[in-house]
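The values are calculated or read from the model by the stated rules, or taken from the named source; none is laboratory data. These numbers come from a predicted model, not from an experiment. Don't worry about glycine lacking a Cβ; one is built from the backbone with ideal geometry, like all the others, and counts go over all protein chains shown.
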Amino acid sequence: MVETLNQLLLNTLKSYPKDNFILFKKEGKYVPISTQEFGEKVKDFSLGLKALGFKSNDKLIILSENRPEWVMTDFATICLGGITVPVHTPLVPEQIKYIINNSDATVVVFSTQELWKKIEAIKHELKAVNSYITFSSDAPQGVLTFEEIVERGKRMSQDDPGLFERTALAIRPDDTATIIYTSGTTGIPKGVVLTHSNLVSNCTALTSIIEFSYKDTALSFCPLSHIMEKIATLGYLHKGTTIAYAESVDTLLENLSEVKPHIMVSVPRVFEKVYSKVMENVLSSPSWKKKFFFWSLDVGKEYTRKRILKQPISWSLRIKNGLAHKLVFSKITKITGARIKFFVSGGAPLSKEIAELFFATGMVVLEAYGLTETSPVTTITTYETLKFGTVGKPIPGVEVKIAEDGEILVRGYNVMKGYYKREKETEEVLKEGWLYTGDIGHLDQEGYLVVTDRKKDLIITAGGKNVAPQPIENILKRNPYITNAVVLGDRRRFISALIVPEFEKIKEYAKDKNISYENTKDLITKEEILNLVFDQVEKSTSGLAPYEKIKKIALLERDFDIDKEEITPTLKVRRNIVEEKYKNVIESLYKE
């Protein structure tokens, strides 16, 4: 029985020998790393760290994009009894400094020269760091390379061949494996302390209810510094699934067609963009094409539902679905490489309409819910428990209940040890064995969880009405004319919104209507453009209650930016920062 991450790794290395254990892009094409080579690198880098003086319970920072060395470093560290502290690469130097100092890290591992510049800017303020290591072969002065550490480890391994395994197997389930800092949407990031038991219990529970194997290939796209991609990676390793690393957000579509993955974990924003593009093409098509698309959608939903539930499928339904797939769905599935068994969406709720579109094409999106504090998965939909508009049922070993005020509470082996050096905050969220998530939701009659919004984000209007902004924002983001939205109105007389328009669409409209403008900033001030977007807002939100409807909007000249701290690395809006930056714009919406 696997009880620690180290046992999981050693078991995988013995059980799944393969030439293409890892795939990564090198000189324009994907090249493989074998299981044996991966295991050797982990062992040698681990012992190299030991030779460097790194010891049990020491903390090591990983500041890097997704790549094989990221995972090698992670396992090498924990196999020594050390603790990894992943850092999101888009963070600014001040944020990086806070995490390094707060975690008491002694070693910083980074990938590129660009990231070294961020570290160099704060290096003189890093209290406990004694070693810097780069994945690059070209190291700045005073910095060691990954390969140099590997060579040190090889020498130690030759002197004592069994040292690595003895050290790795001495780790206990309750030992800390990682400290992951929350994205800080509402304040200063907190270090979530997760044990081997937390992560292994979550990994094994997920792999027991979701079917995939060593024959499959997964595309790793979300940052490994985020708990969602980390637990997915552990699941892939546990099953021997080949992992291919996407190069970047910009190359995602290219990488999908190259790798042709069976599995990919993503955030809703990616699915929203695909949905918007598809619907934009459909709605601009002739009437007969629109009708055929929606007919195909109905056929696809019925066919896929029966196939997943292993129910009999009639010949007529097979023929209809074949026609729909050939003429409609194949154009969508081709984007993903046409081999997808399932996607997993997490980090925020995915709208029902988007999930149904992917479902109809045969590309099932499994929705997961959880927090960094829950390692992270608490509930998930599976082939057997698909229910659109929900995030599924609790996974094995996890309990969920709803507090009187609607807050979601979680209990299980996956719940964190606590926040690092923050006893007060830990006591505020861990009470009598239950984690108070800060999310609002409910369990339906069949036990499926529906997440509504963050408790702190709930808007209470001046009239005393409770409005959940996130579902409204998700509706707006499905509109082809809207890229992003933040719904406002707490303690105000009515609901308003900051809207980031789809700039290509409004520029096309301006061209068609002969609206002259100097630049984007000038364009969004034009009354015709404001009216156009407001009409789209009203059209999208026609089904809302009167007190939820948006009465006024302001258009922004750019989307929210990670570098400006307006969104997290998983693309969630930091409301407090956005509201502060656009304070004057917001106030203008509420002037008489």
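Failed condition for ASP535, given (1) charged (D, E, K, R); (2) crowded, with 17+ Cβ neighbours inside 10 Å; (3) at pLDDT 95 or above, with all others met?
Here ASP535 meets the rest and fails (2).
Scan region 140-149 and tell me whether some residue there is within 18 Å of THR84 (Cα to Cα), in the same structural domain as THR112 (by TED's automatic domain parsing) and in a helix (DSSP H, G or I).
There is at least one residue in region 140-149 that is within 18 Å of THR84 (Cα to Cα), in the same structural domain as THR112 (by TED's automatic domain parsing) and in a helix (DSSP H, G or I).
Pick from LYS572, LYS583, LYS551: which is exposed (fewer than 13 other Cβ atoms within 10 Å of the Cβ) and among the charged types (D, E, K, R)?
Of LYS572, LYS583, LYS551, the one residue that is exposed (fewer than 13 other Cβ atoms within 10 Å of the Cβ) and among the charged types (D, E, K, R) is LYS583.
Pick out the one residue from LYS306, LYS289 that is of a type outside the set (Gly, Ala, Ser), surrounded by fewer than 17 Cβ atoms within 10 Å (Cβ to Cβ), under 32 Å from the mean Cα position of the chain (by Cα) and at pLDDT 85 or above.
LYS306
Which condition from (1) buried (at least 23 other Cβ atoms within 10 Å of the Cβ); (2) hydrophobic (A, V, I, L, M, F, W, C); (3) without any contact (Cβ under 8 Å) to a residue 40 or more places away in the chain is the one that VAL391 breaks?
(3)
Based on this model, can you work out whether GLY39 counts as modelled with pLDDT of 95 or more and surrounded by fewer than 19 Cβ atoms within 10 Å (Cβ to Cβ)?
When the stated conditions are applied, GLY39 does not pass them.
Sort out which residues of region 192-216 are crowded, with 21+ Cβ neighbours inside 10 Å and not hydrophobic (A, V, I, L, M, F, W, C), and write them in order of number.
Within region 192-216, THR195, HIS196, ASN198, SER201, ASN202 meet the criteria.
Is there a residue in region 450-464 that is among the small types (Gly, Ala, Ser) and touching a Leu at 6+ places or on another chain (Cβ under 6 Å)?
Checking region 450-464: not a single residue is among the small types (Gly, Ala, Ser) and touching a Leu at 6+ places or on another chain (Cβ under 6 Å).
Of these, PHE24, PHE54, PHE38, PHE75, which one is touching a residue at least 40 places away in the same chain (Cβ under 8 Å), in a helix (DSSP H, G or I) and aromatic (Phe, Trp, Tyr)?
So the residue among PHE24, PHE54, PHE38, PHE75 that is touching a residue at least 40 places away in the same chain (Cβ under 8 Å), in a helix (DSSP H, G or I) and aromatic (Phe, Trp, Tyr) is PHE75.
Could you list, in sequence order, all residues of region 424-447 that are of a type in the set (Lys, Arg) and over 16 Å from GLY191 (Cβ atoms)?
Selection gives LYS431 alone.
Here is a list: VAL299, VAL328. Which entry is crowded, with 17+ Cβ neighbours inside 10 Å, touching a Lys or Arg at 6+ places or on another chain (Cβ under 6 Å) and at pLDDT 90 or above?
On inspection, the qualifying residue turns out to be VAL299.
In contact with a Leu (Cβ under 8 Å, 6 or more places away or on another chain), modelled with pLDDT of 95 or more and not aliphatic (A, V, I, L, M) - does that describe any residue in region 346-355?
The answer is no; no qualifying residue exists.
Provide a single number: the residues in region 283-342 that are of a type in the set (D, E, K, R) and assigned to a loop (DSSP other than H, G, I, E, B).
3
Tally time: how many residues in region 18-30 are more than 21 Å from LYS239 (Cα to Cα) and loosely packed, with under 14 Cβ neighbours inside 10 Å?
4
Do any helices (runs of 4 or more DSSP H) lying entirely in region 508-592 carry at least 2 residues that are in the same structural domain as ASN474 (by TED's automatic domain parsing) and either of a type in the set (Lys, Arg) or within 29 Å of the chain's Cα centre (by Cα) (or both), and which ones are they?
527-540, 575-581
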